[in-house]
Structure formats: structure tokens, C-alpha cells
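In what follows, a single structure is set out as C-alpha cells and then discussed.
Read-outs: derived from the displayed coordinates by stated rules, not from any lab. All figures in this text were calculated on a predicted structure; none of them were measured in a lab. Cβ coordinates were reconstructed from backbone atoms using ideal geometry, including for glycine residues, and neighbour counts include every protein chain displayed.
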């Protein structure tokens, strides 16, 4: 009797994405990707096919578009009017605002981020850090973007390189790590040793501080031991001081060139570590490529010096995504937004940025004409590596989280290049489709 | 000039007898491996379509791996993507698999089939059969495989390639022509040939494999073999011009009632071709060449006018024909009026000899009762005499 197979099969929650160009290392390759909306992972398709006889519920033809991991923004202060460091009277409002932000943010292609807090008083950290820790545990695609842990930018930074941080809240760490515990809250440091960010104990993933500020450099080993990244930023450090911080465990530089000493041919400053770091790997470094913070050629030079560490960030303020105009800023300031440019009202001081990550990405691509995989890794695999999440986020390998973007790549004749986000998948579920206005979170 | 040739090696097959199984080994020559692969892919698609498989009636396809069939798979995938063919009701049996490497190893035959075929078409994974080289009991795995083929109804079409030593699947020279699915240790030459896929590191190349046997392949209703490239030319020559021989195991194809070999011109370099040596360079005299070209073109034309005139009709069609023939043989013959044998004088009938009425001797002859002869008690009684025809009826003999 010939074998008969029942045509009715239970739904598996598996989607097969075919016909796209996948980012794989330095190349774009044609291939298929199988994702599960049940587990939220990218599947080992051959194993699932032979071992479990799984057929995808849905086959989606990407028609040659680019398939890449979801973007990760590691410096991001707020958006759509919501500011991580503004504490309302009612913390329920804060939570609701956070949820709304996550749902809107995911449409821009940013599927994971580090909510960033510029220098604040201790009360602020105590109030908000518990809401800003890693939010991906439930693996709920409908929440939208996911926090990978908080980024505390300050208050242990240099008073002469404070940018728009309020001088009143800056401080030193004469008692070492204990001072940090006081400011951020003891309970906000994980008690376990961990390589991974956001272990069960700590909502903080990264701390930016100036290594030359008294007491800070000594804290670096303890911070690393707790699974928290130490980033050098807002600093007057020399090349030697920066190198020493790296020796002690610093692995990141916050918005390179901004709020630090410039490159001098005999005093290369923090930038010098991109050339050579004694004994350790060269660190990762964030770059704001909104076209305002840095000259395009500066970005290109940094990228050429150390492409493996190059991470694009927005340092976006809450005004991103809002229409142009004047808004209340931090610490009683008034800010004026004009497109991506954000200044203190009445002056030229840059108050942060209002560019989205994809705008920054498109700028970088247009300036550098690097290959698509090289451009895209700066917001996917490189930040994932920096955070210790390689193979989990920012990757199209099997078993990684299925946070994916379908991008349209446009290369204009004038040298302008740009990506457009067509679809967004979070944990294997489609959460945004540009061609369908009504679909979404 | 592109020369497309089709040669009948056995002349007992007539073009109009396309439905009767038991014909020739068809040799189809195409210009290069690409056109050869396309021919086979088109043939397979045509066969599946005319078989019209359904959920209870799958088309059982035997499949190979290797560089020769890769082109066939590419063409099948392309046709599927264009919507020309669905494989939803196709059951597949692969020929072989290495022993001892993980199923997901990039060089396993599972991976080859997934990357080249299964991931691009709609074969149901539950309908796929590939030998498991990591089974706990390899012999049980082989026995089970044969049984699965049987339960699927036997293989309708087995596609295969050939090694440079004339082997089919892993049936290396010396394999029994009656062999079935079993574990084989690979020949040293095969291991060397395979090492290019394992980083040229001999220690990484599998030394054993599970393979279908020669007879397993020959049991299929139809066998189609692709042979391309000059390095296969000697094997082709040995297998179709030599005798059936276990040193060139594909030669067992000569015993198959319905086989087809599709080759490119390079693979024919050793053939005598009954014998026509067709050369790509026009070294033969132009006129002789032209005559030959005409001859074979006309064969090809007749063939193509019949469609795939040699396509094997489905088993049920053939069985129905056979059944109707048997029926006719079994039904009693209505005697035909043989008027040419009828006698000219009517009414003549044989006389019946009158019965002899017996009487006993003593009524004819005066006699004394017998006495004093010591015959007391031994009276002879008269035996009742009756005619022979009461005892024996010659008509009932």
C-alpha cells in the first residue's frame, strides 16, 4: 500500500523567509531563513525539516530585499516626547510612556536599545532604574522594542567636559565603588558575577564615566566583575589614562570625539586607543553620525582606523520623532528642534540629537560608501558583541533571537545612499509592515 | 552545429509499441551536461505529470547525489518555482548516505539534498527517505529501508549517476549484481575522490556508507542514468558495449526492461556506436558526417513526433492491458462454423451391429448331467452373457 500523508497539519508558528539577501559576515548571500514565532528564535532549518518534519506555516518572498538583524541603539535618551530621566509624580505614567515608546520605536527598525540616563541625582536613579532593566525575558513580540539594560551616562564625569549635563549633579568617587552604590542604588548592582549584561540582579548594562575623575579608575574592575560594561566618556583623559582604563576592563568609548580631548599629534587623547592599545583588544566606540556632532570625514577616519569596533549611536533626545519646535529640555533648559538638529534655545550648543538611527546609518553609508554588510554591522553585530550578546542579538545565525528587518536599499546617482525599513520582525513575529498602514502595534 | 542524437541499441522496439514494456536501453546524447540535465529534468516532470500522483497514490522517486545530478536538481527547482510542477505527492528514496558523520554536516547527503533540492521545493518531509548513517544498528536500518520501499509500492523511477569505475550508488566494482541495501566500506579511490569535500584531509573522510544495492535499483520500474564528462566515457563504454559484469556494476542496466542513459557528447568518446564514432571536431569526411547526421536526425524526429514516445506507461495501465488479454485467453472458444470441413452427403449414419443373443450349450447339445467326474460341488453355472457395449461405452472414454 503506498504511503499516504495527511494534508492537514497543525500550525507550527514557523515562517520561512525566502528570496532575500541575507547579511552574512562581509557578504550578502541569497538564502532562506526559518523563524519561529513560538520560541522567538531563528531555527536550524535543516534539522527542523528532517527531524521534526516541520513545514513552515507561511512562506514569504522577500523579492531580493535585504534581510538583516534588528538594530541596536546603545545610547538613546528618549523619543516621541518620552524622556527616560523625567520622573513624573505617578510612576504608572512612566511605565505607560515606556510601553508606548517601545511600540513606536520598533517601527523605526530599532528592536533593542539601552535606555540612557544622563547625569542625575541619586533619587532619579533609585526611582527609574527598576523600570529600565532588560525587558526581553517574557519574549513578548507585541511589546515592541526591548531594553537590554540601562546605560548610566554619568554622574562620574569630568566637569569640564559635561556637555549639557548639569554641573550640580556631577561628582567624584573618593570612596570608590561604594560611592557608585550610593548614587545608583545598591540593589541595582547584581550580586552575582556575570559575563552577561542584565543578569538577574542588575538593571544596569553600561556605565559611562571619566577615568581621570578621582576614584573612578579603581572601580573599573569591580564594575566589570558585575557584568556591567565600562565606557570612557565625557573625559579629559590622556591617551595614557585611557589605555590604563582599558587595561582595567573598559571596553567602550562613549560618543568618540564629542566631550573629550581632540587628537593632537603628540597627545592623541582617547582617540589614540583606536591606533594601538597595549596588551588588550582595542575597545568598541560609539559614533554619532547625525551630520551635526561630527564632520563626515571624521567619521570616515575613525571607521578606517578600527572598523571592528565601530558602533553607530543616536544619543537621541526625547524630541526625536516629534515635529520641529521648542520643547522643555533637561534641568529647566529649553531646547529647539530643527530636523535632526537640537540646540539650547538661543544658543548654538548642541543639546543632543534628534536623528533616528536609520538616518545616522544612511549618513554613514553615504559618506563612506562602505559595503552594505559593513554598514549594517555597525548597528547590529558589533553592538551585540560589545554587550556580550553575540549569537543572541544582532545575528542571523540559527538560535539567535529572530529580531529581523527587511530593508530596501537605495543607491542614488548623487552618491546618496539610504535604507528604508519595509518590515520588522520581533521574536519571530511580524510587528511592522510599511506597506500596510493599519498593521502594527 | 548542434547534433542531437538518439540511438536504439536494440532494434526490437518499434515506435508504435510505446505502451508495451520491455524494450531497449535508450541512449540519449545531448550536447553538454547542461542540456543533458535539462532533458532529464523535463523527462522526470513529464513522467510525474502523466502519472498524476495523488494523496493515496504517490510517485515514488529514487534520487542520487553528486555533481552530475546537481544540474538536474537546478532545473527541477526552477520549474517548480515557475509553478510547472509540484512535488507534494512525491515520495523520495535516496541512494546512499555516509556512516558516522552528523546528519547536519555540510558534506552529508542529507545536507546535499536539503541545499540542492528539498529546501526549494514542496516535498513533504514526511515523504522523504534517506538512509540514516548514525543508526544504532546499521543492518537493521538497511533492512528497514528495503521494507519501506516495498511498502511505498516500489520505486517508479530511479535516477542515478555513475562513478568513473562504473559503479552505481556505492556499489563499487565487485559488488554482487543481486545486492540489496547494505553497509559498504568505501574503496580507497572513492575516499580519495571525496577528500576534496573534506578539506583534503583523508582522516576526516567517512570510510563507510549505507547504500542501496544493484538489484534495489534494478527493481525500479524505470531507471534513468546521467553520465556526463570525458572521465566517465570509459565507464559508459564498459557498461553498455561490454557484457553484464560485476566490475562495472551499472552494466546490469542491460537486464532492465526499461532503462535510459542520458549522456553528453564528451561521455561518448569511448563508444563505438554500432558503430559510429561521432566526433565533435569535423574530422570525419563531411559527406559521411552529413549522411549520419541525417540518419540520426530522422530517428530523433520520429521520436519527438511521438512526444516522449518511449515514456513508460503507468503500471496500472499495463496491468489492465494484460488482464484483458488474459481474460480473452481464458474465455471458452465459440467454435467457428467450419463449413469448409462439412461433408457433402447428408444423412449417412453408421449401422449398429445387432447384439448376439447367447444361448447355453446344453440347449443345443443333448447332454447328461456330469457325474462321476469328481466335479461335485463344482457346477458350472451359466455366466450371463451380455454384449460388450453394455459394459464398456466407448463414447464415454
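Worth a mention:
- Relative to one another, the C-alpha centroids of the range A:86-145 and the range B:143-169 are positioned 61 Å apart.
- Mean separation of Cα contacts under 8 Å (6+ apart) over length of chain A, as relative contact order %: 18 percent
- The range A:11-156 - convex hull of the alpha-carbon atoms, volume per residue in Å³: 138 Å³
- In plain terms, the C-alpha convex hull of the range A:71-386 casts an average shadow of 15.1 nm² when viewed from every direction.
- Normalised by the number of residues in the range A:243-400, the mean separation of alpha-carbon contacts (under 8 Å, six or more apart) gives a relative contact order of 18 percent.
- As a calculated quantity, the FRET efficiency between residue B:151 and residue A:408 at R0 = 60 Å, using C-beta atoms, amounts to about 0.75.
- Full extension of the chain between residue B:177 and residue B:135 gives 12.6 nm of extra length, using 0.36 nm per residue less the Cα-Cα distance.
- Scattering curve values for the range A:300-441, log₁₀ I(q)/I(0), Debye with Cα scatterers, q = 0.09, 0.13, 0.20 Å⁻¹: -0.36, -0.74, -1.27
- Nearest-0.05 FRET efficiency for residue A:436 and residue B:185, computed from C-beta distance (R0 45 Å): 0.15
- Summarising the label geometry, the points placed 7 Å from Cα in the beta-carbon direction at residue A:265 and residue A:100 lie 5.5 nm from one another.
- For the range B:124-148, the residues whose amide N sits under 15 Å from a probe point set 7 Å from the Cα of residue B:215 along the beta carbon direction are B:143, B:146-147.
- Compared with the dominant Cα axis of chain A, that is its longest principal axis, helix A:357-368 is turned about 80°.
- Simple label model, 7 Å out from Cα along Cβ direction - residue A:240 to residue B:57, nm: 9.0 nm
- Alpha-carbon centroid distance for the pair the range A:285-345 / the range B:213-241, whole angstrom: 69 Å
- Comparing A:357, A:101, A:67 in a Gaussian network model of chain A where C-alpha atoms under 10 Å apart are linked, the largest mean-square fluctuation is found at A:101.
- Distance between the modelled labels on residue A:322 and residue A:276, one decimal in nanometres: 4.8 nm (7 Å Cα→Cβ projection).
- Helix A:122-132 vs. chain A, principal-axis angle (Cα, 0 to 90°, nearest 10): 10 degrees
- Note on A:31-37: average number of Cβ atoms from other chains within 10 Å of each residue's Cβ is 1.
- Between 0 and 90 degrees, the angle of helix A:216-225 with respect to the longest Cα principal axis of chain A falls at about 20 degrees.
- Shown for A:44, B:180: other C-beta atoms within 10 Å of each C-beta, ranked fewest to most, produce the order A:44, B:180.
- DSSP beta bridges fully contained in the range A:71-386 are about 30 percent antiparallel.
- Packing-based order for B:115-123, B:164-172, using average beta carbon neighbours within 10 Å, highest first: B:164-172, B:115-123
- Counting DSSP beta bridges with both ends in the range B:44-132, the antiparallel % (nearest 5): 10 percent
- Packing here is the average count of other Cβ atoms within 10 Å per residue, and on that basis the peptides A:29-41, A:172-184, highest first, run A:29-41, A:172-184.
- Taking each DSSP H run with n ≥ 4 as -39500 (n - 2.57) and averaging over every residue of chain A yields -6500 deg cm²/dmol at 222 nm.
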